[in-house]
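Some notes on the structure that comes next.
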Amino acid sequence: MSLTTIILLILGFYLLLTLLLGLRGTRAGSGAADEYFLAGRSIGPLVMFFTLVATNFSAFFFLGFAGKAYHVGYAFYGVMSFGTALVAVTLYLVGDRAWRLGKSTGAISPAELIGGRLNSRALRLLVLAVMLIFTLPYLALQPIGAGLLLERLTGIPYFYGAAGLTVIIVMYVYVGGMRSVAWTDVLQGALMFALIIVAVVVIAQEFGGIGPANEAVFAHRPQMFDAFGADGSLGIERWAALMLLWPLAVPMFPHMFMRFFTMRSARSMHLAAVSYPLVTALLFLMPVMIGVWGGEIFPDLVGKEADSILPMMVTQFSSDLLSALVMVGALAAFMSTMDSQLLAMSTMLTRDVYIEHVRPGAGMNEQVLVGRVLVPVLAALGLLIAVLEPAGIFDIVTAAFSGLAALFPAAMAALYTPWIRPGWCIASIVAGESIVIGHATNLLPDAWLFGSEPIAGIVIAGGLICVIGALRGRAAGAHRGSR
Amino acid sequence: MSESTPAPSGRAVWVVVLLLFSTAALTIPLLFGSGPGIAGLPGWAVALVVLQLVFAAAVWLFVRSFWTRESAAFDDPDRDGSSHSGPGGGRA
């Protein structure tokens, strides 16, 4: 039996399992908006952990980490791991607070909570716009990656592979909403983690173990062990910038923020918070090691070619069955991010546009219907972007983390200091996004931004505006309780 | 209910923890060498793994002490006499 046939069989089984699991979500649902968009705010600790990590870690974790490490070495682990571990802190500072406020106010979308907290439609619209602008291209990136991977592995034409996976995702998101997404995240997250560990073990055996594999690399290319990158591109200022960027940006992705509303109780996030540093400490090493070792076997990959190093290594050193399974793990990573993005955007458009501006009196059933209809519409839009690949789409994706991190100071201000005037939060976001745009267009020199990433400038400018606004608001007695 | 009542929250604890661990993480690439250490990994990478495991333990301690207490108060308002106060404040 050929590798392609095995991959297709395993892929078919995985997709069927995902679909059944996803469709099962609908039977537990009651049809209310809370149920469809937030799984009835009933997600427990274990599912919360898997749904957070499966949503957070896209295919970039599976394929991109190895590809980057192939070029820069172990330093990529350094700049990615500890900053992501710090997400544990923002799960407490943002997630726990957002859940409490969401529960007491009934908020369903992030913009609804942040704008509603300060009673500002303008702020709500601005938060919505920023989240949509940076998430839609990101959504389109998932079918692009999945389609390319399927084409390379099975020969299925790029568009048909991307469209096929999208249709399956649309089916279970349409029917089961957040509950289906969360349950499939458990399967997809477990697959990702189990298969990356198996891949490392199998590949390491071919080198005589993890130690000998690393020693072989060190003997030939010691620069791959440099903490600042084989090419010196990851200096200490990049370490500092990315350590700041990940914990601020991750909770501002709408599909991550919405997870906070789904918890059953305040305790549901405890497991995820403790587990995040464990995952980043140990599992982030796996694809990085494969990428570093890959240079010993395939030394001549250039640029984006290295993103295929993980599948190449697995195919080189393991059975066809394992190769097929690892590829399914990569597809699971694509799917677990895309389904969450689809649902998050559908939710935001329903709550922040349709209910807020089109049909304020719409009932729960109508909201769910609109949300469901938006799922295939947004999926088709994502596919269209994937096919057309309009100019600038990859630039927007590159800027997505900084662009969303620019919301962080305003979001924190809204969550913790409800006496701040919304204008200060709007100014903070505008200042942050101006810095992101200035950086992306090279209008602002790196020296003005305290390094090569705009995050320090965003935090200083956006944070300062919010602090001044909060102090002034308090001094002026603008506290809502005193009005 | 007033929003201005500051709770004895874990936020202050987190600021200290965050500064300590972030500083430690940034000094690791400067203090530890690149030569192969445990499992042949770079010495600084081993140190970073250990730091994250210690950080996970710190998070666990935080969860057991501050966060669980706050969560219990929120989930069961009558348990400590307080009402639904989030980390550092009341509700909307």
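The values are calculated or read from the model by the stated rules, or taken from the named source; none is laboratory data. In this text, all values refer to a predicted model and were calculated from it rather than measured experimentally. All Cβ positions, glycine included, derive from the backbone under ideal geometry; neighbour counts span all protein chains shown. All accessible areas refer to the heavy atoms of the entire protein, side chains included, with ligands and DNA or RNA removed. Shrake-Rupley method; radii C 1.70, N 1.55, O 1.52, S 1.80 Å.
Structural remarks
- Once both labels are positioned 7 Å from their Cα atoms along Cα-to-Cβ, the gap between A:LEU3 and B:LEU19 label points is 5.4 nm.
- With contacts taken as Cα pairs under 8 Å at a separation of at least 6 residues, the stretch A:406-483 carries a relative contact order of 43 percent.
- Think of chain A as a dipole: +1 on every Lys or Arg Cβ, -1 on every Asp or Glu Cβ, centred on the Cα centre; then among A:TRP424, A:ALA69, A:LEU126, A:TRP424 lies furthest on the positive end.
- Candidates A:ALA413, A:ILE460, A:ALA440 compared by Cα position along the dipole of the stretch A:406-483: farthest toward the positive end lies A:ALA413, with charges placed on Cβ.
- Fully extending the segment from A:ALA190 to A:ARG474, taken as 0.36 nm per residue of separation minus the present Cα-Cα distance, adds 97.5 nm.
- Projected-area mean, the stretch A:406-483, by convex hull of Cα positions, square nanometres: 4.8 nm²
- Förster-model FRET efficiency, 56 Å R0, A:THR441 and B:ILE38, C-beta, rounded to 0.05: 0.80
- Distance histogram in 20 Å bins (all Cα pairs of the protein assembly as shown, percent per bin): 21, 57, 21, 1
- The stretch A:238-371, relative contact order in percent, only Cα pairs under 8 angstrom and at least six apart counted: 24 percent
- Estimated from helices alone, the mean residue ellipticity of chain A at 222 nm is -24000 deg cm²/dmol (sum of -39500 (n - 2.57) over DSSP H runs with n ≥ 4, per residue).
- Efficiency of FRET from Cβ geometry, A:ILE297 and A:LEU17, R₀ 30 Å, rounded to 0.05: 0.40
- Sequence of A:ASP352, A:ASP300, A:ASP231 when ordered by accessible area, the most exposed leading, probe 1.4 angstrom: A:ASP300, A:ASP231, A:ASP352
- Per-residue average of Cβ from other chains inside 10 Å of A:72-85: 4
- Charge dipole (Cα centre; +1 on Lys/Arg Cβ, -1 on Asp/Glu Cβ; no other charges) of the protein assembly as shown amounts to roughly 1920 debye.
- Average Cα contact separation per residue, chain A, under 8 Å, 6 or more apart, as relative contact order %: 30 percent
- Per-residue shielding of A:235-245, expressed as the average number of other chain Cβ atoms within 10 Å of the residue Cβ, stands at 2.
- Heavy-atom accessible area per residue - chain A, 1.4 Å, Å²: 34 Å²
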